[in-house]
1. Only residues that are in contact with a helix residue (DSSP H, G or I) (Cβ under 6 Å, 6 or more places away or on another chain) and crowded, with 21+ Cβ neighbours inside 10 Å: list them for the stretch 199-211, please.
2. Among the helices (runs of 4 or more DSSP H) lying completely within the stretch 1-69, list those that include at least 3 residues that are surrounded by 14 or more Cβ atoms within 10 Å (Cβ to Cβ) and either under 14 Å from the mean Cα position of the chain (by Cα) or modelled with pLDDT under 95 (or both).
3. Residue pairs, Cβ under 7 Å, 6 or more apart or interchain, first in the stretch 103-131 and under 21 Å from residue 18 (Cα atoms), second modelled with pLDDT under 95 and assigned to a helix (DSSP H, G or I). List them.
């Protein structure tokens, strides 16, 4: 069976606009990763409220992405690509999809996974999210290439992750079993897997924060601001709560918006997938697997028009 591996940022999604929404709603993970001294302030009741708000946020974002005016966090057309891959997984032609990114914030990868799985009604398609500091990537580069190269995307590190990670690929895994999609050209990996490497056109649409702010406020409506806002202020702001307004959801949204500039306007929509050469490349790879076509020598690289 085959493995489809996708870079995240500017390949299947653009998370600039939604970063603070995600990390604040994955509150325990964010505190544990960056502010462990604040863990005692996270009560069980608040943790449950925020977890519920995160799940609601995923559903609300997905609803907008499927509307006639999508937000554009997800690359238009990517949900249809994932649906095709899910059908191939059920047909035993694709084992797993993997998100393999140099983004260092794991919860961002998991948010994209959760959107896709919510859409498909499954938890099986995406076998693993591999962020920049994934332990198997670090282990491979520390032992074979040196620590300074640990962020390179190489065939050796990818193979190690697929075999020893959650996907449990067979030890006989070959370059012909993997299809890889990235907006950048990672030369070692490209040389190794040849025409199974698809360098897609970059996707850089930044979703409207104004729209996201409204969705966020709706998702956290049942979260206690007296518990939530002080933590948010200490993680993202000044930590000063002398102003009663600092305990409001409006203050949190303003805090996030101040660090999320130059996003799309409220009425802007992302470019249609019908004209997206990156989506066309993904569909081409799916067709190769579906029809069991043998590899050809053609390179799949997006080139800008002169």
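1. 200, 207, 209
2. Details: elements: 19-25, 27-34, 44-65.
Correct list: 19-25, 44-65.
3. That search, which allows pairs on different chains as well, returns 130/137.
Quick grid of which residues meet (1) in contact with a strand residue (DSSP E or B) (Cβ under 7 Å, 6 or more places away or on another chain); (2) surrounded by fewer than 16 Cβ atoms within 10 Å (Cβ to Cβ); (3) over 17 Å from residue 8 (Cα atoms); (4) at pLDDT 95 or above:
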residue	(1), (2), (3), (4)
74	yes, no, no, yes
77	no, no, no, yes
86	no, no, yes, yes
92	no, yes, yes, yes
105	no, no, no, yes
120	no, no, yes, yes
130	yes, no, no, yes
134	no, no, no, no
150	no, no, yes, no
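The values are calculated or read from the model by the stated rules, or taken from the named source; none is laboratory data. As the structure is a computational prediction, the values presented were derived from the model and not from experiment. With ideal geometry, Cβ positions are generated from the backbone for all residues, glycine too; neighbour counts draw on all protein chains shown.
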